[in-house]
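What follows is a set of notes on a single structure, which appears directly below.
Values in this text are rule-based calculations from the coordinates and carry no lab data. Given the structure is predicted, the values throughout are model-derived calculations rather than measurements. Using ideal geometry, Cβ is built from the backbone for each residue, glycine included, and neighbour counts are taken over all protein chains shown.
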Amino acid sequence: MQHFDGVRAAAYTPAMPRPTPAIARHLLRRDDDFPHRAESLGFRFHSPDDREYWARDACYALTPEAIDALEAAARELDGMIAAAVEHVVRRGDYAAFGFTDRLAALVEASHHAAEPSLYGRFDFRLAPDGGIKLFEFNAETPAALLEAAVVQLTWFEETPTGPQTRPGTDQWSRIDDALVARWPALRLPSLIHFAAEHERDDEVAQVAYLMATAREAGHEAAFLPVEDISWQPEAGFVTPGGAPLRACFKLYPWDWLDAEEGGRLLPLGRTRWIEPARRMLHASKAILAVLWSMFPGHPLLLPASLDRTAIDGPAIGKPALGLEGHGMRVEGVPGDPSTEIAEGLPSSPTIWQQWAPLPGHATPQGDAFPVMGVWMVGDEPCGLGIREGEELVTTLEDRFVPHVVL
């Protein structure tokens, strides 16, 4: 017992401070002006169909330890995926990946040629206690690059520090510099064409941004609507003016190209494509099952298999060649957060992964569920982009929310 001024007092045990959560959502003063200022960066799709794609009243704050953990996880998993890809090619069995024989041959040839890659994105679950789990790796047409690389960095630099404006002292965003530095490693001709569907404003903006990074790296860059690429027997794939397409970044999946009438010409062409065909091994959800078979019980992985019965409890079924959250089948979860299958997508095997719901963060409208998008340029993790939705499965319709580091 302790005594103060002769008064008998109970023994005092100081309360232990609560640990700072790895991630927290901060409600900010609403800023409707910034998305319009960001149009000068090419970010003109901030309000598609009057929907607020850019979060105007919030940000996520992460601890430095959480950023270090995400970076370390991405680095470790990048090596694990490389080992898994090597295992798949050595085995020569691509049935689970959803490839046609022609696409499998293209993938295998690209792998043996060791064609270099530009970028990719890990999608992670980050728990408040700092625990990390891999949902998937996006290696073909990763969305939200412009937003992660330059838009949120501009927001951070332009927004004054304050509890209602912007907390934090830093942001994990080295993507822009990394992309500029990466282009020479691809060993491409001086002129690079950049192809996308010209009616997709978001895709055209992503391509325009990548064109700017290529130019800064010393390349010439020219935009080309993907539907305008044609074929000449002597020259291979050509531009509308008949110039040979020697190097082309395409924001268009390999399996879509393979399924189209011109797919039969892909093995005959001499174009260097970015991303190369070998990245289809990384992009297919089937790599999740290969990872689990090679590294069972790894703390960064969730159990995954082609066999639903191999996954205990609730599970999510992902099309091997799925994109943008389409066609997710969730079993054993109340409310059934499954998503619709997009029309026209090639069918592919279903990969089952143990269900690990995203942690919810309270907002005035209800819970929000953020997924951590860690960007790789080459084999280096270099930045974070966060998308959040009101449902447990993240889709292209969900918001982009900037982040800060405390």
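Sort GLU397, GLU227 so the one with the fewest other Cβ atoms within 10 Å of its own Cβ comes first.
GLU227, GLU397
When the helix-only estimate is applied to the chain (DSSP H runs of n ≥ 4, each -39,500 (n - 2.57), divided by the residue count), what is the mean residue ellipticity at 222 nm, nearest 500 deg cm²/dmol?
Roughly -7000 deg cm²/dmol at 222 nm, from the helical runs in the chain.
Which number comes out as Rg/Rh for segment 230-306 once both Rg and the Kirkwood Rh are worked out on C-alpha atoms?
In segment 230-306, Rg relative to Rh is 1.17.
Given the options LEU291, LEU268, LEU396, state which has the largest fluctuation in a GNM of the chain using a 10 Å cut-off (strictly under) for Cα springs.
LEU268
Within segment 312-327, list the residues whose amide N lies under 17 Å from a label point set 7 Å along Cα→Cβ of ASP123.
Within reach of a label on ASP123, which here means backbone N under 17 Å from a point 7 Å along Cα→Cβ, segment 312-327 contributes 315-327.
Explain nothing, just compute: Karplus ³J(HN,Hα) = 6.51 cos²θ - 1.76 cosθ + 1.60, θ = phi - 60°, for every residue of segment 130-142 in order, whole Hz, x for Gly and Pro.
x, x, 10, 9, 7, 8, 5, 10, 9, 10, 9, 10, x
Neighbour counts of other C-beta atoms within 10 Å: give me LYS133, LYS250, LYS318 arranged from fewest to most. Provide the component values of the computation, followed by the final result.
Details: LYS133 16, LYS250 23, LYS318 26.
With the sparsest Cβ surroundings first, the list reads LYS133, LYS250, LYS318.
If you plug each phi of segment 198-207 into the Karplus form 6.51 cos²θ - 1.76 cosθ + 1.60 with θ = phi - 60°, what whole-Hz ³J(HN,Hα) values come out, in order, with x for Gly and Pro?
Whole-Hz 3J(HN,Hα) from phi for segment 198-207: 5, 8, 9, 4, 5, 6, 4, 5, 4, 5.
Taking the Cα centre of segment 31-405 as origin and charging only Cβ (+1 Lys, Arg; -1 Asp, Glu), how large is the dipole, in debye to the nearest 20? The partial results should precede the final answer.
Details: 30 positive and 58 negative charges, 262 e Å.
Once rounded to the nearest 20, the dipole reads 1260 debye.
Out of the trypsin sites (Lys or Arg not before Pro) in segment 181-240, which ones are loop residues according to DSSP with at most 16 other C-beta atoms within 10 Å? Walk me through the numbers before you get to the answer.
Working: sites: ARG182, ARG187, ARG200, ARG215; in loops: ARG187, ARG200.
Taking segment 181-240 and a limit of 16 other Cβ atoms within 10 Å, the loop trypsin sites (Lys or Arg not before Pro) found are ARG187, ARG200.
So how do SER305, SER190 line up by other beta-carbon neighbours within 10 Å, fewest first?
Lowest to highest Cβ neighbour count: SER190, SER305.
To the nearest whole percent, what portion of all C-alpha pairs in segment 27-168 is separated by more than 19 angstrom?
Cα-Cα pairs in segment 27-168 separated by more than 19 Å: 66 percent.
Could you work out how much longer the chain between GLU197 and ARG91 gets when fully extended? Use 0.36 nm per residue separation minus the Cα distance between them, nm to one decimal.
Full extension of this stretch gives 34.6 nm more.
Gaussian network model of the chain, Cα springs within a sub-10 Å range: biggest mean-square fluctuation belongs to which of GLU108, GLU388, GLU76?
In the Gaussian network model the winner is GLU76.
Using the Karplus curve 6.51 cos²θ - 1.76 cosθ + 1.60 with θ = phi - 60°, what ³J(HN,Hα) values do you get for each residue of segment 391-406, in whole Hz, with x for Gly and Pro?
Calculated HN-Hα couplings, in order: 10, 7, 10, 7, 10, 5, 7, 7, 7, 9, 10, x, 10, 9, 10, 6 Hz.
Under 19 Å Cα to Cα from LYS133, which lysines show up? Leave out anything in the same chain fewer than 8 places away.
Those lysines meeting the cut-off are LYS285, LYS318.
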